[in-house]
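Could you have a look at this structure, given as structure tokens, before my questions?
The values are calculated or read from the model by the stated rules, or taken from the named source; none is laboratory data. The shown structure was predicted, so the numbers you read here are calculated from the model rather than taken from an experiment. Cβ coordinates were reconstructed from backbone atoms using ideal geometry, including for glycine residues, and neighbour counts include every protein chain displayed.
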Amino acid sequence: MSIFIDKKTRVLVQGITGRDGSFHAKQMIEYGTQVVGGVTPGKGGQKFEGKVPIFNTVAEAVKATQADATVIYVPPPFAADAMMEAADAGIPFIVCITEGVPVLDMTRVYPFVTEKGSRLLGPNCPGLISPGKSKIGIIPGRICTPGPIGLVSRSGTLTYEVVYQMTRAKLGQTTCVGIGGDPINGTNFIDCLAAFEKDPDTKAVVMIGEIGGTDEQEAARFVSQKMSKPVVGFIAGQTAPPGRRMGHAGAIISGSTGTAAEKMQAFEENGIAVAKRPIDVVELLKHATR
Amino acid sequence: MNIHEYQAKEIFRKNGIPIPPGDVASTAEEAEAIARKFGGTVVVKAQVHAGGRGKAGGVKLAKTPAEAKSVAGDILKLRIKDLPVTKVLVTPAADIASEAYVGIIIDRASKRAVFMVSPAGGIDIEEVAAKTPEKILRHAVDPRYGLQAYEAMQLAFFLYPDVKQARPAAKILQQLYKAFSRSGASLAEINPLVTTPSGDVLALDAKMVIDDNEIDRRPDMAALRDESSEDPSEVDARNANLTFIKLDGNVGCVVNGAGLAMATMDLVKYYGGDPANFLDIGGSSNPEKVVSALRIITADPNVKAILFNIFGGITRTDDVANGIVTATRDNPLKVPLVIRLTGTNEEIALEILKKAGMSAMTDMDEAVKKAVELATGGRGKAA
């Protein structure tokens, strides 16, 4: 089993003819993801790579393909509209890769998508992968391998680093989810932890957080109250200065809240094993799954 | 992006918020002329992107134009939190009967813009929140409807029991919300909002932060950027499309991805070193970015060793290798370089480096340890 996606997930690509969209659509198809259609206004009727049908609107695409997931690669000024279009077309799972979506746009998108009953992952995220089954987004397939560990992270390349170390140590993954580095996003740590707790194949979970906000602290409380499976945590940004945006829009210590120390303490207090270095995740996982 | 008080006040005024007049000076003589124009006592305020201006000596009263000249001269020589003061705002001093705080921030928990108001104004709102949380009233705004009049009145009555002041304050709150949402802000703040002895309600200070993600589609906001009040290396990095934050350490870091960049800095510290910077070269790695990154990092005389940590996903490690070779051929490095790269096209990258007489490591911990050793001359603690 895996969470959110599996072999049967039928995926649309919004922005399939763009630079990033076309590159990653090919990568997803190569990995085995069922890419059933693409959306680029004005290119409806054409085919991507000679086989994937392109539509002008998401509604048309859903009608023709029965897609149940979509991934968005459109530029930041259009990303809010793309997310709302997907939700309005009834797509239950929306993944937005785009980085740079204005936060005021997200204050409108989040309630809209939620009220339509869709799950949003991102924006500004690498997507997710259920190794050997399907991937949506940009996580490189070759660094992952199937196995019993669930992973959820706010980061992209740091996730790759940790997954790669896990794979080298033969600790395979059920699903790796990147929830993104923006201050307002859809799916959060708790949503993923709850899904991993329910998934019978997931035996332990890795949670990779960073400075900014209080999501990790709330997730830590969830772990101690609602989870039976062991959780290993890592927090990036112990050396980050306050008040500065560390790349990710959401990675900022405001005043004295959102520090790495505060989050690591919350992890420890709630029974989450804290890795001091990314590589330590591996040993802690071995210990937790022994 | 931070903007200056005088710029935020201009935006607030355009949205109807009552603010006493004021003019900006970049020399002591200009400040004197402005003080003469207003007559009476003026306040001279440093325009700088840093909190705690008052404590740092950046806000002074001046009773005469001559005094305004003298205090402006002093303030313009200051560096506050390491930033130079290049402008001062000169504004008539107001008689104050009471000070309140009003602000809007993006609240991550409710995923909305949230008002915070407090009758305890004029001081650090975080301190108020920590010590006397009952003195703060919060209200999350539904983005579909904005701040309704009755909601603004509820907030205003929390500040002023007298309707004569609550009514104009409510109007200011609605105007502030308009200024906030129209400008693409992530923070808008009036601290203090004051009442005068005659009962007027006025905004004496203004602070605004514009969401960096809005800048591309908002040329009016982009025009407010004041590069003279930023660190020059950060301006250079932004123009090269790099995310760079200068720190005080001696290990220069070049990394792809924000999370990995932070984790790399942390690991430098773990092994007994200190990171000189945060630098994310981003996902698509053209060799030009690497060249810019090295130029910016080597401009810092504190840097004693440079560490590349690249995990190739979208980033092609051969692109990064080409960038390193080009940059070091054109400008040979005076400090040692440690390269760690793994992932996409790793074999090609290693070959490129080998041909140029360089080598790379594939393990992150080993590379960080080595860089720290080189930067500290082996004095870094072996953790």
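Return yes or no: is A:THR98 in contact with a Pro (Cβ under 7 Å, 6 or more places away or on another chain) and not charged (D, E, K, R)? Steps first, please.
Working: in contact with a Pro (Cβ under 7 Å, 6 or more places away or on another chain): yes; not charged (D, E, K, R): yes.
Yes; evaluated as a whole, the condition is true for this residue.
Report, by residue number, each residue of region A:260-290 that is crowded, with 17+ Cβ neighbours inside 10 Å and modelled with pLDDT under 95.
Hit for region A:260-290 is A:ALA288, nothing else.
Within region A:105-135, can you find the residues that are surrounded by 22 or more Cβ atoms within 10 Å (Cβ to Cβ) and under 16 Å from A:MET28 (Cβ atoms)?
Of everything in region A:105-135, those that are surrounded by 22 or more Cβ atoms within 10 Å (Cβ to Cβ) and under 16 Å from A:MET28 (Cβ atoms) turn out to be A:LEU121, A:GLY122, A:CYS125, A:PRO126, A:GLY127, A:LEU128, A:ILE129, A:SER130, A:PRO131, A:SER134, A:LYS135.
Which one of these is out of contact with any Leu (no Cβ under 8 Å at 6 or more places or on another chain), of a type outside the set (Lys, Arg) and in contact (Cβ under 8 Å) with a residue 60 or more places away in the chain: A:THR202, A:THR167, A:THR187? Show your work before the answer.
Values: A:THR167 fails: in contact (Cβ under 8 Å) with a residue 60 or more places away in the chain; A:THR187 fails: out of contact with any Leu (no Cβ under 8 Å at 6 or more places or on another chain).
Residue meeting the stated conditions: A:THR202.
Only one of B:LYS207, B:LYS171, B:LYS164, B:LYS178 is modelled with pLDDT of 95 or more, charged (D, E, K, R) and in contact with an Asp or Glu (Cβ under 6 Å, 6 or more places away or on another chain); which? Talk me through it step by step, then tell me what you get.
Values: B:LYS171 fails: in contact with an Asp or Glu (Cβ under 6 Å, 6 or more places away or on another chain); B:LYS164 fails: in contact with an Asp or Glu (Cβ under 6 Å, 6 or more places away or on another chain); B:LYS178 fails: in contact with an Asp or Glu (Cβ under 6 Å, 6 or more places away or on another chain).
The match here is B:LYS207.
Go through region B:324-347 residue by residue and tally those that are in contact with a Ser or Thr (Cβ under 8 Å, 6 or more places away or on another chain) and either over 26 Å from B:ILE314 (Cα atoms) or loosely packed, with under 15 Cβ neighbours inside 10 Å (or both).
Going residue by residue through region B:324-347, those that are in contact with a Ser or Thr (Cβ under 8 Å, 6 or more places away or on another chain) are B:331, B:333-335, B:337, B:339-346.
The next check asks that each one be either over 26 Å from B:ILE314 (Cα atoms) or loosely packed, with under 15 Cβ neighbours inside 10 Å (or both); those that pass are B:331, B:333-335.
Final tally of qualifying residues: 4.
Separate question: Look at B:GLU373 and say whether it is of a type in the set (Asp, Glu), more than 30 Å from A:GLY178 (Cα to Cα) and surrounded by fewer than 21 Cβ atoms within 10 Å (Cβ to Cβ). Please lay out each step first, then the result.
Working: of a type in the set (Asp, Glu): yes; more than 30 Å from A:GLY178 (Cα to Cα): yes; surrounded by fewer than 21 Cβ atoms within 10 Å (Cβ to Cβ): yes.
For B:GLU373, the condition - of a type in the set (Asp, Glu), more than 30 Å from A:GLY178 (Cα to Cα) and surrounded by fewer than 21 Cβ atoms within 10 Å (Cβ to Cβ) - is met.
May I ask you to say which residue of A:VAL62, A:VAL35 is in a strand (DSSP E or B) and within 21 Å of A:PHE78 (Cβ to Cβ)?
Within the list A:VAL62, A:VAL35, the selection yields A:VAL35.
Right, here's the next one. Only one residue in B:LEU176, B:LEU202 is more than 22 Å from the chain's Cα centre (by Cα) and farther than 30 Å from B:VAL290 by Cβ, so which one is that? Don't jump to the end; show me each part of the working.
Details: B:LEU176 fails: more than 22 Å from the chain's Cα centre (by Cα).
The conditions single out B:LEU202.
Considering (1) within 27 Å of the chain's Cα centre (by Cα); (2) touching a residue at least 60 places away in the same chain (Cβ under 8 Å), say which one B:LYS171 fails and leave the rest.
It is condition (1) that B:LYS171 fails.
Taking into account only those residues within region A:99-122 that are at the interface with chain B (Cβ under 10 Å from one of its Cβ atoms) and part of a loop (DSSP other than H, G, I, E, B), which is nearest to B:VAL141 (Cα to Cα)?
Taking region A:99-122 and keeping what is at the interface with chain B (Cβ under 10 Å from one of its Cβ atoms), we get A:99-112, A:114.
Narrowing further to those that are part of a loop (DSSP other than H, G, I, E, B): A:99-102.
Details: A:GLU99: 25, A:GLY100: 23, A:VAL101: 20, A:PRO102: 17 Å.
Ranking the candidates gives A:PRO102 first.
How many residues, within region A:77-109, are of a type in the set (A, V, I, L, M) and under 18 Å from B:ILE210 (Cα atoms)? Before you say what the answer is, go through the steps one by one.
Keep residues of region A:77-109 that are of a type in the set (A, V, I, L, M), which gives A:79-80, A:82-84, A:86-87, A:89, A:91, A:94-95, A:97, A:101, A:103-104, A:106, A:109.
Restricting the remaining residues to those that are under 18 Å from B:ILE210 (Cα atoms) gives A:101, A:103-104, A:106.
So the count comes out to 4.
If you scan region B:263-293, which residues turn out to be among the aliphatic types (A, V, I, L, M) and buried (at least 24 other Cβ atoms within 10 Å of the Cβ)?
Those that are among the aliphatic types (A, V, I, L, M) and buried (at least 24 other Cβ atoms within 10 Å of the Cβ): B:ALA263, B:MET265, B:LEU267, B:VAL268, B:ALA276, B:LEU279, B:ILE281, B:VAL290, B:ALA293.
Can you pull out the helices (runs of 4 or more DSSP H) entirely within region A:136-242 that have at least 3 residues that are surrounded by 24 or more Cβ atoms within 10 Å (Cβ to Cβ) and within 14 Å of chain B (Cβ to nearest Cβ)?
Details: elements: A:157-168, A:189-198, A:215-226.
Passing ranges, in order: A:157-168.
Residue-wise test of (1) more than 18 Å from A:ILE97 (Cα to Cα); (2) within 21 Å of the chain's Cα centre (by Cα); (3) buried (at least 20 other Cβ atoms within 10 Å of the Cβ); (4) among the charged types (D, E, K, R).
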{"position": "A:ASP6", "(1), (2), (3), (4)": "yes, yes, no, yes"}
{"position": "A:GLY21", "(1), (2), (3), (4)": "no, yes, yes, no"}
{"position": "A:GLY32", "(1), (2), (3), (4)": "yes, yes, no, no"}
{"position": "A:GLY45", "(1), (2), (3), (4)": "yes, no, no, no"}
{"position": "A:PHE48", "(1), (2), (3), (4)": "yes, no, yes, no"}
{"position": "A:VAL58", "(1), (2), (3), (4)": "no, no, yes, no"}
{"position": "A:ALA61", "(1), (2), (3), (4)": "yes, no, yes, no"}
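Check whether at least one residue in region B:212-230 is closer than 18 Å to A:GLY181 by Cα, under 23 Å from the mean Cα position of the chain (by Cα), in contact (Cβ under 8 Å) with a residue 40 or more places away in the chain and not assigned by TED's automatic domain parsing to the domain that holds B:ASN322, and report yes or no.
We begin by selecting, within region B:212-230, every residue closer than 18 Å to A:GLY181 by Cα; these are B:212-214.
Going one step further and asking which of them are under 23 Å from the mean Cα position of the chain (by Cα), we end up with B:212-214.
With in contact (Cβ under 8 Å) with a residue 40 or more places away in the chain added as a condition, the list becomes B:212.
Remaining after also requiring not assigned by TED's automatic domain parsing to the domain that holds B:ASN322: B:212.
For region B:212-230, residues closer than 18 Å to A:GLY181 by Cα, under 23 Å from the mean Cα position of the chain (by Cα), in contact (Cβ under 8 Å) with a residue 40 or more places away in the chain and not assigned by TED's automatic domain parsing to the domain that holds B:ASN322: present.
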